[in-house]
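Report on one structure; see the data block that follows.
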Amino acid sequence: MGVDLGPLVKDVKKIIKFEDLVGKRIAIDAFNTLYQFLAIIRGRDGTPLKDFQGNVTSHLSGLFYRSLNLIEHDIRPIYVFDGPPNPFKQAEIQRRREIRNEARKKFEEARDLGETEDAAKYAQGSSKLTGAMIQESKEFLSALGIPIVEAAQDGESQAAYLVSTNQAWAVGSQDYDSFLFGAKKVVRNLSMNRTRKIRSTVVTVDIEWLSLEKILFSNNLSREQLIDIGILVGVDFFPGIKGVGIKTAYKLVQQYGSLDIMLEKDIEIRKQKISGLLSSETVQAVKNIFLNPVINKNISSLKWKTPNFDKIREILIEKHNFNSERVETGLSRLKKRGSARQKTLSDFL
DNA sequence: CCAAAGGA
DNA sequence: TCCTTTGGG
């Protein structure tokens, strides 16, 4: 639920394929991905996948098959997990909690009334990522041999840092927020499935590659101005100004140059003085989060290890009753990949 | 979301 | 063999 920069990026996004990412390291926003899995991996009535004890397993299914596909294409994922949230994010966290509770109520109502289609619709927004699920996701990724990075605060900023220090080639996220954090490149829709149906109409979902430099250049903006646009329309750390969307925000920033100047001149936005809508202190504080984020710089070197097959079996089959045949076919794909890599390596030597 | 089964 | 539908946990 990050900032919607849609109209600003629409002309600069490049459609790519998995093959274009061979050998590349992608710093994936873990929370973003896990929430995506929880929202989408569900049965007909909207119920998530669960084991016999009633534990939700949609995220594990998503991580397993997604990782298989990435590894088979020799793409190197790094999962970046959020740390404790920045205090400025509390209001947004509370807002999301309320939206989720509302969705959950509507989901349960519709499900109990047997209104499957409605139930499925509301189910999407009702999922909660628990501490136990986060912990187990880390354990599972480690079993797959995929490196994990713990962010000091926001995963997006930590992922952006990995790109700027050349430890990753791009950030992998559905959100555009990492651009405000200075991510040079972002890859969106990093998935296999090329079609998605939204109410009987089938839409193709392509992998998108976006560069901060191109976005700024084509819109004639600086990164600070992009942040100002974000503050006007709303980001995780500030709700934005009511009634101001991306187009208005862009026009205002182009016209005045910056939020600081708008505040100095105390311009009117929708018949209201801007000084009554946000303070200079707030602007500075929010800008500072994006420009000088708290980063975990103490990262152990990123290594992709041989998967621990027994650990994967233990988590999926023993703990969560995944079908063992399905898991084994998955594992054999991983083994094949491993031997192919070893072969190319020995050829090289 | 992704894999596997089912139809064409 | 390709494309659509169904089921996974």
Is there a residue being more than 16 Å from DNA strand C (Cβ to nearest atom), closer than 28 Å to A:Gly131 by Cβ and in a loop (DSSP other than H, G, I, E, B) anywhere in the range A:26-37? no
Quick check on my filter: what residues within the range A:55-92 are touching a strand residue (DSSP E or B) at 6+ places or on another chain (Cβ under 8 Å), assigned to a helix (DSSP H, G or I) and away from DNA strand B (no atom under 11 Å from the Cβ)? A:Phe88
Please verify whether the range A:89-105 includes one or more residues that are within 21 Å of A:Ser173 (Cα to Cα) and either within 16 Å of DNA strand C (Cβ to nearest atom) or touching a Cys at 6+ places or on another chain (Cβ under 7 Å) (or both). no
So A:Ala119 passes all but one of these: (1) modelled with pLDDT under 95; (2) within 16 Å of DNA strand B (Cβ to nearest atom); (3) surrounded by fewer than 20 Cβ atoms within 10 Å (Cβ to Cβ). Which condition number does it fail? (3)
Would you be able to tell me the number of residues in the range A:158-215 that are under 23 Å from A:Ala39 (Cβ atoms), of a type in the set (Ser, Thr, Tyr) and either surrounded by 13 or more Cβ atoms within 10 Å (Cβ to Cβ) or at pLDDT 95 or above (or both)? 4
Restricting the first residue to the range A:44-57 and requiring it to be assigned by TED's automatic domain parsing to the domain that holds A:Met133 and touching a residue at least 24 places away in the same chain (Cβ under 8 Å), which pairs with a second residue that is among the β-branched types (Val, Ile, Thr) and near DNA strand C (Cβ under 6 Å from one of its atoms) meet a Cβ separation below 6 Å and a spacing of at least six or different chains? A:Asp51/A:Thr57
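The values are calculated or read from the model by the stated rules, or taken from the named source; none is laboratory data. The structure displayed is predicted, hence computed values, not measured ones. All Cβ positions, glycine included, derive from the backbone under ideal geometry; neighbour counts span all protein chains shown.
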